1. I need a count of the residues in the range 83-114 that are in a helix (DSSP H, G or I) and more than 16 Å from residue 151 (Cα to Cα).
2. With in contact with a strand residue (DSSP E or B) (Cβ under 7 Å, 6 or more places away or on another chain) and at positive phi as the only criterion, which of 80, 68 stands out?
3. Assuming residue 69 fulfils every condition listed in (1) more than 18 Å from residue 151 (Cβ to Cβ); (2) buried (at least 17 other Cβ atoms within 10 Å of the Cβ) apart from one, which condition is it?
4. Could you tell me how many of the residues in the range 28-47 are under 18 Å from residue 104 (Cβ atoms) and within 17 Å of the chain's Cα centre (by Cα)?
5. Out of 153, 54, 122, which single residue is surrounded by 18 or more Cβ atoms within 10 Å (Cβ to Cβ) and within 22 Å of residue 19 (Cβ to Cβ)?
6. Right, residue 71: over 20 Å from residue 135 (Cα atoms), in contact (Cβ under 8 Å) with a residue 60 or more places away in the chain and not in a helix (DSSP H, G or I) or not?
7. Just give me the residues in the range 115-148 being in contact (Cβ under 8 Å) with a residue 60 or more places away in the chain and not in a loop (DSSP other than H, G, I, E, B), in sequence order.
């Protein structure tokens with residue numbers, strides 16, 4: 001049993017549990033439809049259970065600015081355990097050591113409070129809150145405003 005969550009947390013991972021990033025695919029800039037090289041990871045518990053995904057975009061352009069360098073998704077059942085925070089901390093190290101990146105941009109919608117708290121906890125600087133251009137795919141999906149955070153690695 002763990003301190004928070006009893007048997008459920010023991011089986012499915014309490015907030016104190018570590019996570020692993022397992023790389024499963026790389027797309028070069030030339031292969032990418034959006035001209036952005038990307039590395040895709042699964043967010044897993046030490047047991048191997050996949051709890052979400054994370055992608056690290058190695059290149060940036062004006063269109064991708066609204067997406068940021070990192071995109072993550074923790075499956076609904078596994079939310080509330082700081083897995084996104086832990087995955088981002090691990091990918092910060094990978095971005096710096098393996099890819100020589102010095103800073104990263106991560107974005108979220110201002111009404112996505114869990115992601116906003118995660119980005120604040122990661123210690124970045126809120127650079128701006130911007131309207132997404134009407135022609136952008138994110139705007140068409142209903143994401144009309146983005147908070148842009150910058151992280152020095």
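FYI, it's all coordinate maths here, none of it is from the lab. Note that the coordinates shown come from a computational prediction; the quantities given were computed from them, not determined experimentally. Every residue, glycine as well, gets a Cβ built from its backbone with ideal geometry; the counts of neighbours run over all protein chains shown.
1. 3
2. One residue alone meets the criteria, 68.
3. It is condition (1) that residue 69 fails.
4. 7
5. Exactly one of 153, 54, 122 is surrounded by 18 or more Cβ atoms within 10 Å (Cβ to Cβ) and within 22 Å of residue 19 (Cβ to Cβ), namely 54.
6. Criteria not met by residue 71.
7. Scanning the range 115-148 gives 130, 138, 146, 148.
Yes/no per residue for (1) touching a residue at least 24 places away in the same chain (Cβ under 8 Å); (2) closer than 25 Å to residue 153 by Cα:
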| site | (1), (2) |
| --- | --- |
| 26 | no, yes |
| 29 | yes, yes |
| 35 | yes, yes |
| 40 | no, yes |
| 43 | yes, yes |
| 48 | no, no |
| 51 | yes, no |
| 58 | yes, yes |
| 64 | yes, yes |
